[in-house]
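The values are calculated or read from the model by the stated rules, or taken from the named source; none is laboratory data. Remember, predicted model here, so these are calculated numbers, not experimental data. Glycine also receives a Cβ, built like all others from the backbone with ideal geometry; neighbour counts cover every protein chain displayed.
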């Protein structure tokens, strides 16, 4: 196949050297066009003819590529090498050797991942993971970019991220949110308010077992003051059994309308309002929905031993 390889050389738990990746794909019979995601040409590379787009990187790199794929019928394959790898984890492709994933593409099934659209005073943006307010957005709003870079190099950045999230959840004040889900009024005060397209968000936080990234709907998790202790307990004991413990109030829907008054709101890993923008100038209605836009992923079904 003609493969366009978009690679983040700054991310990698497995071998992420550009030459090694190209050799791996070429040894499987693919014709490779390489492009670093750190260089400006990666957007143009996606427009060139290809049978498959391969992304070697973390959620940030995958998200940037996927948001430019709607409308194209070229499938995407992942070589997950970031910190959290929420997208790959939600598709069952995390912690698998690159060699195994590449060999599995030949007979892989194709899975559609919905791409949501969030519209607000800032304009329009596609989202992959989700849209939300409360502790996640607050954490982004108070994050120091310099400290964030150091944390990425830490021995266990995921565990550190969950620890900071728990600290934020312990001291956070509920956010007053006026909102409607598919026309139903769901307004209230929430510590955590997340419309999820994936099962995992942020530092591998598993909030719902019901989210299906290809069903055209999202799972809206809403944690009020009454559920603070449940949220804190989960964040404290995540390493024991995160899937069993993640039982929080939620609703399923396909369109979320929020009266945004300027409180921190995240769309995937992007925060609104931006640091230098005054919230009062940016307040207005926010609409997050699925409109039939999706991207196809190659997902190998079974793990095969290397030999």
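Quick notes on this structure:
- In the range 245-269, residue modelled with the lowest pLDDT [restricted to those that are under 24 Å from residue 204 (Cα atoms) and out of contact with any helix residue (DSSP H, G or I) (no Cβ under 9 Å at 6 or more places or on another chain)]: 250
- Filter pass, residue 111 being modelled with pLDDT of 95 or more, assigned to a strand (DSSP E or B) and touching a strand residue (DSSP E or B) at 6+ places or on another chain (Cβ under 7 Å): no
- Subset of the range 112-125 (residues that are surrounded by fewer than 20 Cβ atoms within 10 Å (Cβ to Cβ) and touching a helix residue (DSSP H, G or I) at 6+ places or on another chain (Cβ under 8 Å)): 121, 122
- All positions within the range 280-293 that are surrounded by 14 or more Cβ atoms within 10 Å (Cβ to Cβ), at pLDDT below 95 and either at negative phi or in a loop (DSSP other than H, G, I, E, B) (or both): 282, 283, 290, 293
- Scanning the range 114-124 for residues that are assigned to a strand (DSSP E or B) and under 21 Å from residue 198 (Cα atoms) yields 114, 116, 117, 118, 119, 124.
- Test: residue in the range 226-247 that is within 21 Å of residue 292 (Cα to Cα) and not in a strand (DSSP E or B): no
- Filtered residue count, the range 81-95, keeping only those that are out of contact with any strand residue (DSSP E or B) (no Cβ under 8 Å at 6 or more places or on another chain) and buried (at least 18 other Cβ atoms within 10 Å of the Cβ): 2
- Listed by position, the strands (runs of 3 or more DSSP E) contained in the range 1-71 that have at least 3 residues being over 22 Å from residue 128 (Cα atoms), in contact with a strand residue (DSSP E or B) (Cβ under 6 Å, 6 or more places away or on another chain) and in contact (Cβ under 8 Å) with a residue 12 or more places away in the chain are 31-36.
- Selection over the range 281-296 of residues that are in contact with a helix residue (DSSP H, G or I) (Cβ under 9 Å, 6 or more places away or on another chain) and farther than 20 Å from residue 71 by Cβ gives a count of 0.
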